[in-house]
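The values are calculated or read from the model by the stated rules, or taken from the named source; none is laboratory data. Just so it is clear, the structure is predicted and the values come from calculations on it, not from any experiment. Cβ placement follows ideal geometry from the backbone for every residue including glycine, while neighbour counts extend to all protein chains displayed.
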């Protein structure tokens, strides 16, 4: 038989099964459960366990077909040991009032999908109270971390009509909370309680809505009271699965099919067991801290209609019109997620300035830039951008959920950033809210005051991280340049170049004093003048003389007359090193104070804050002395200046001297060699 | 693998869909069924699996078995003929 099958296989399927299954998946706006499962099977057959498991997970995200879930579960079981196990683990006992075998069977798969590795135990149906109480029970031997109370309304002991509704509900509530207490006391276990589904059959009809003693009203009240207790101190470690909401979503006559209830004690239809398994897993994972934290949003045709780059800031579909309303509704839903603590990020192939304009200027935008912790609008590929968002936020990629209308982008992220969850959006924007709302892994275990502020916190964190990141990479870049500076005094070999720089440098120029060559030559000969003529080399080039600092000594004050740098070396921390040399010059000359002046021009705004950054204080008495708008700055000469140390500095200025060769007045040796070198490597 | 006698179900059409369900539910990709296959011929086809199979066939073919049918199909052949006529 084996060979017959193989022959069939060959006759019917000549193509590579993985390629064929991938083509099917790629051809669908929202890949079906079946297509994802077929791909998982093909990958499994090809021995690609990691991707097989990912697509098995994608298949159970895509639908609730029971047989498909069973198949996915088997496929996952087969490769369970081939893929990394989640760090979070739990022993989960399912205590049910009905046949929970299928639920228990699917729970390990659902939990693995939610990021928790579980081992399950199923208690005999209807025996949960006994198993909780009996120390010799299988449940005690199993010693669970989590107890799932999978019960249905039939198990709730409330009458069709109660005389004293309040008392009836409290008595029944006590019966359930005592189970929670047992689970917590005996095992220290957390509890996941399946909530009550109010049956659609109510003998009192609409009157039941007005009669607090009706069974429908009692069940609703019980559910409400369970929620209250679970939210209180007494309910610590207890979470509820809102089965009423799940059943309402699919329809209550789908949720429970009496034929299967009677024939097989299936209180929850097999059509809904996958849904229940998924949400039980989501609540359980949230209890264990495995929920997702950040929603990464595409923009064009996701957050608004149309392509921003084509239709412009005011041309995107938002607000008015059916299409616009759908996108607005989606934005409202996204904002509600943000309010419960989900961090928002944007990942869009767009020009950032245009995106910012759209956020700021389109009056229909409900989301503001303040709502977005990280905004990545560029032409970078999305998997890389998404990973960058995780890095900027300082969270794992497995905390991210990526939402995009474009199947190709989603597949790229699935393949290249596999830890990121991907939510497919349907073709029609009207379906966006449901698609995102049915995504279950933003579940949180509790709501705190900090949740609403979380985006702001992450935003601040991301900004710091980005600064650090850019500082880090800039520092690495500069360090990698292998920069070497030589600082020389004024001399015949450089006065011409100094005069030229004085005459033409505009941007990094503190005073823009255009001293002539004759002036410079006279400074060179005057011991009161202390100069730095700086030449810079790096591993790419010898930039020649690119920095000049001229200072004049008057008593104990060394005053900076001119300070400039060629624009090609701006931003390399060279000015900091020149300042370091200036401090050493001042100390060597016996000066106790440095003075500096900033004379603003149309082009030198970038150095307006230089003296302040270097620690100088403003000397308003000197303001205006050097022209209109000029500011004066002073600094008591420090022991030494801390510099970034990214430039190796070789100092050839004989400290405390003006003209080359002469030593300072306090120096004792007049015959000290004129070109004495102080070689100093300054590096960290 | 079970003893299968009689005509094997094919991989296409109604037969293929029936096979798919049985393979998914029973977790056996190699499973073959014939007209005369019954539950006792197939490992794993117990009462729980039977419920799973019947439900999955209902959902695959969009039909509802009667209470009697849930337990009364004599063999795969009878089941398959019912589904073929319901799907036709």
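Structure summary
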quantity: Filter result for residue A:388 (in the same structural domain as residue A:456 (by TED's automatic domain parsing) and either without any contact (Cβ under 8 Å) to a residue 40 or more places away in the chain or more than 25 Å from residue A:29 (Cα to Cα) (or both)); calculated: yes
quantity: Residue check, residue A:648 outside any strand (DSSP E or B) and at pLDDT below 95; calculated: no
quantity: Residue in the stretch B:1-12 that is farther than 19 Å from residue A:41 by Cβ and facing chain A (nearest Cβ under 8 Å) present; calculated: yes
quantity: Qualifying positions in the stretch A:23-60 - surrounded by fewer than 21 Cβ atoms within 10 Å (Cβ to Cβ) and in contact with a strand residue (DSSP E or B) (Cβ under 8 Å, 6 or more places away or on another chain); calculated: A:29, A:30
quantity: Positions within the stretch A:496-512 being surrounded by fewer than 20 Cβ atoms within 10 Å (Cβ to Cβ) and touching a helix residue (DSSP H, G or I) at 6+ places or on another chain (Cβ under 7 Å), in sequence order; calculated: A:496, A:499, A:507
quantity: Residue identified as surrounded by fewer than 18 Cβ atoms within 10 Å (Cβ to Cβ), free of Cβ contacts under 8 Å to residues at least 60 places away in the same chain and over 32 Å from the mean Cα position of the chain (by Cα) among A:217, A:247, A:234; calculated: A:234
quantity: Hits in the stretch A:364-375 - residues which are in contact (Cβ under 8 Å) with a residue 12 or more places away in the chain and more than 11 Å from the chain's Cα centre (by Cα); calculated: A:364, A:365, A:366, A:367, A:369, A:370, A:371
quantity: Hits in the stretch A:344-369 (condition: within 21 Å of residue A:409 (Cα to Cα) and surrounded by 19 or more Cβ atoms within 10 Å (Cβ to Cβ)); calculated: A:344, A:345, A:346, A:347, A:348, A:349, A:350, A:355
quantity: Residues of the stretch B:24-44 classified as buried (at least 19 other Cβ atoms within 10 Å of the Cβ) and either under 10 Å from the mean Cα position of the chain (by Cα) or at the interface with another protein chain (Cβ under 8 Å from one of its Cβ atoms) (or both), total; calculated: 4
quantity: In the stretch A:41-81, the residues that are within 9 Å of chain B (Cβ to nearest Cβ) and not in a helix (DSSP H, G or I); calculated: A:65
